[in-house]
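Bear in mind these aren't lab numbers, they're just calculated from the coordinates by the rules spelled out. Keep in mind that what you see is a predicted model, and the values were worked out from it rather than measured. No Cβ is skipped: glycine too gets one built from the backbone with ideal geometry, and neighbour counts run over all protein chains shown.
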Amino acid sequence: MAGEFTGLTDAEWAVIEPFLPEQPEKPGKGRPHAFFRDILNTILWVLITGARWIDVPKGKGFGARSTSH
């Protein structure tokens, strides 16, 4: 059954963050690295809601669907 997900809380993120590598610095050229929290929010949103990747919400707190996929 599909659920509702609005993003990780600060407390949830504090538990998960130590298990992820440090955010890499942007090299001189190219696009900056996507934030791990935004990517994880996007992946969890798809898993919890059961929606398609095309329906991923755009905006603060969510990553690009192509990056997250």
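Which FRET efficiency value, to the nearest 0.05, is calculated for Thr49 and Glu22 with the Förster distance at 30 angstrom and r the Cβ-Cβ distance?
0.50
Rounded to the nearest 500 deg cm²/dmol, what is the calculated helix-only ellipticity per residue at 222 nm for the chain, with -39500 (n - 2.57) per DSSP H run of length n ≥ 4? Before the final figure, lay out the partial values.
Numbers: 3 runs with 25 residues, N = 69.
Value at 222 nm, helices only, nearest 500: -10000 deg cm²/dmol.
What is the angle, in °, between the Cα long axis of helix 36-49 and the longest principal axis of the Cα atoms in the chain? Nearest 10 is fine, range 0 to 90.
Rounded to the nearest ten degrees, it is 20.
If you add up the charges near Leu47, with Lys and Arg at +1 and Asp and Glu at -1, over every other residue whose beta carbon is less than 14 angstrom from its beta carbon, what do you get?
Values: positive: Arg52, Arg65; negative: Glu4, Asp55.
It works out to a net charge of 0.
About the Cα centre of the chain, what is the dipole size in debye to 20, counting +1 per Lys and Arg Cβ and -1 per Asp and Glu Cβ, all else neutral?
Values: 8 positive and 8 negative charges, 92 e Å.
Dipole of the chain, to the nearest 20 debye: 440 debye.
Give me the net charge of Ala11's neighbourhood, meaning all other residues with Cβ under 14 Å from the Cβ of Ala11; Lys, Arg count +1, Asp, Glu -1.
Charge balance in the 14 Å sphere: -2.
Let's test the formula: R0 of 22 Å, r as the Cβ-Cβ distance of Phe5 and Lys29. What FRET efficiency results, to the nearest 0.05?
For Phe5 and Lys29, the calculated efficiency is 0.05.
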